[in-house]
Amino acid sequence: MEEISVNTNSRIEMLDITSQLRSAISNSGIQEGVCTVYCPHTTAAITINENADPDVTADMLRKLSNMVPAYENYQHSEGNSDAHIKSTLVGNSAQIIILNGTLLLGTWQGIYFCEFDGPRTRTVWVSIT
Ligand code: ZN
């Protein structure tokens with residue numbers, strides 16, 4: 001079990017945390033297994049998607065914001081219902097196979113921490129088994 005700290009810089013953004021996860025796996029010494037990446041926040045998420053063209057994450061964030069506007073007739077008094085909804089839509093964990101001591105990802109895949117109510121300092125829990 002490892003904990004990764006993530007500093008986000010704006011209200012919504014997707015941060016590539018693949019290299020931090022690769023370091024955690026390298027430190028564990030595990031050659032073959034499973035890595036579970038878990039986001040313990042209700043206004044953030046974890047996803048795996050393209051890390052080659054930054055337009056992909058920009059398009060995803062724009063589309064999510066179009067689907068779930070920041071301001072609407074939400075009841076939640078904290079004023080961040082859109083962030084809670086986006087968190088649930090994207091999901092709060094990912095599982096990745098570990099092979100030969102590293103994450104088994106597709107050529108264009110990266111693992112993203114998705115911030116929907118930043119900027120904040122966030123935590124990601126990583127279980128390597
Ligand atoms: Zn809230």
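Just so you know, all these numbers are worked out from the coordinates, no wet-lab data involved. Being a predicted model, the structure only gives us computed values, none of them experimental. All Cβ positions, even for glycine, are placed from backbone atoms using ideal geometry, and neighbour counts span all protein chains on display.
With each label modelled as a point 7 angstrom along the Cα→C-beta vector, the Ile30-Glu50 pair spans 3.0 nm.
Computed on the chain, with alpha-carbon pairs under 8 angstrom and 6+ residues apart, the relative contact order is 55 percent. Computed from point charges on the beta carbon alone (+1 for Lys and Arg, -1 for Asp and Glu), the dipole magnitude for region 72-122 about its Cα centre is near 240 Debye. Taking θ as phi - 60° and the Karplus parameters 6.51, -1.76 and 1.60, the scalar couplings of region 56-67 work out to 5, 5, 4, 5, 5, 5, 5, 5, 4, 5, 5, 6 Hz in sequence order, x denoting glycine and proline. Residues whose amide H falls under 5 Å from that of Ile48, counting only those 5 or more places apart or on a different chain, are Tyr112, with hydrogens built in the peptide plane. Length available on full extension from Ser23 to Asp59: 0.36 nm per residue minus the Cα-Cα distance, which gives 10.1 nm.
Summing charges over neighbours of Pro119, with a neighbour being any other residue whose Cβ is under 13 Å away from its Cβ, gives 0 when K and R count +1 and D and E count -1. On a per residue basis, the convex hull of the C-alpha atoms belonging to region 2-112 measures out at 104 Å³. Residues whose amide H lies under 5 Å from that of Thr123, counting only those 5 or more places away or on a different chain, are Val6; hydrogens are built 1.01 Å from N in the peptide plane. Taking the Cα centre of the chain as reference, the dipole from Cβ charges on Lys and Arg (+1) and Asp and Glu (-1) amounts to some 100 debye. Think of it as helices only: each DSSP H run of n ≥ 4 in the chain is worth -39500 (n - 2.57), and spread over all residues that comes to -8500 deg cm²/dmol at 222 nm.
With R₀ fixed at 22 Å, the C-beta to C-beta distance from Glu72 to Thr121 puts the FRET efficiency at about 0.20. Close amide-amide hydrogen proximity is noted between Asn80 and no other residue 5 or more places distant or on a separate chain, at a cut-off under 5 Å (H modeled in the peptide plane; Pro and chain starts excluded).
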